[in-house]
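Below is one structure; the comments refer to it alone.
The values are calculated or read from the model by the stated rules, or taken from the named source; none is laboratory data. All values reported here derive from a predicted model rather than from experimental measurement. Cβ atoms come from the backbone with ideal geometry, glycine included; neighbour counts cover every protein chain shown. Note: areas computed on protein heavy atoms with side chains; ligands, DNA, RNA excluded. Shrake-Rupley method; radii C 1.70, N 1.55, O 1.52, S 1.80 Å.
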Amino acid sequence: MEDVVRIRGEVVTRMIEEARHDPSMECCGLLAGRDAVISAIFPAPNALASPTAFEIAPEVLFRFFRHMHSSAVDHMGIYHSHPTGDNAPSPRDVECAHYPGVAYFILSPRPDAPRPIRAFSIRDGRIAELTIELV
Ligand SMILES: [Zn+2]
């Protein structure tokens with residue numbers, strides 16, 4: 001993966017809304033698009049309902065992947081929020097990063113966060129921050 005991730009502004013706006021909607025738990029969802037631009041967001045319920053972890057239920061993932069297939073977009077990212085801590089990947093995030101080719105977006109709902117949205121590539125336990133380019 002190159003070190004730039006391109007994403008539509010309205011998808012970023014929606015992600016931030018999702019993160020701020022209920023700061024008592026991590027928000028989560030998938031991102032999709034085509035031609036190297038993320039243009040669609042699939043918000044998911046956090047199956048763990050936790051402020052420090054998230055999981056998307058298998059049946060929800062299945063529905064999202066089917067929807068992506070039928071609308072001819074590719075899975076390009078996963079997002080979640082860290083309501084309480086720094087929005088950098090946690091050890092659990094690295095351990096649970098099962099999609100090496102996608103961008104992992106992590107959001108902070110806190111108004112004082114220096115960078116409320118960051119993106120990372122997580123591959124074989126190695127983290128690299130990606131530059132977010134709004135298109
Ligand atoms: Zn996390």
Protein accessible area in the range 23-83, 1.4 Å probe - carbon and sulfur %: 60
Which residue fluctuates most in the GNM of the chain (Cα springs below 10 Å): PHE65, PHE120, PHE54? PHE65
Per residue, how large is the accessible surface of the range 4-134? Use a 1.4 angstrom probe and give square angstrom. 52
I need the shape label for the chain. Rule: rounded when a/c is under 1.5, else prolate if a/b > b/c, else oblate, with a, b, c from the alpha carbon gyration tensor. rounded
Could you work out the local net charge near ARG14, counting Lys and Arg as +1, Asp and Glu as -1, over the other residues with Cβ closer than 14 Å to its Cβ? -1
Have a look at PRO91, PHE65, ILE38 and report the one farthest towards the positive end of the charge dipole of the range 37-99, computed about the Cα centre with Cβ charges (Lys/Arg +1, Asp/Glu -1). PHE65
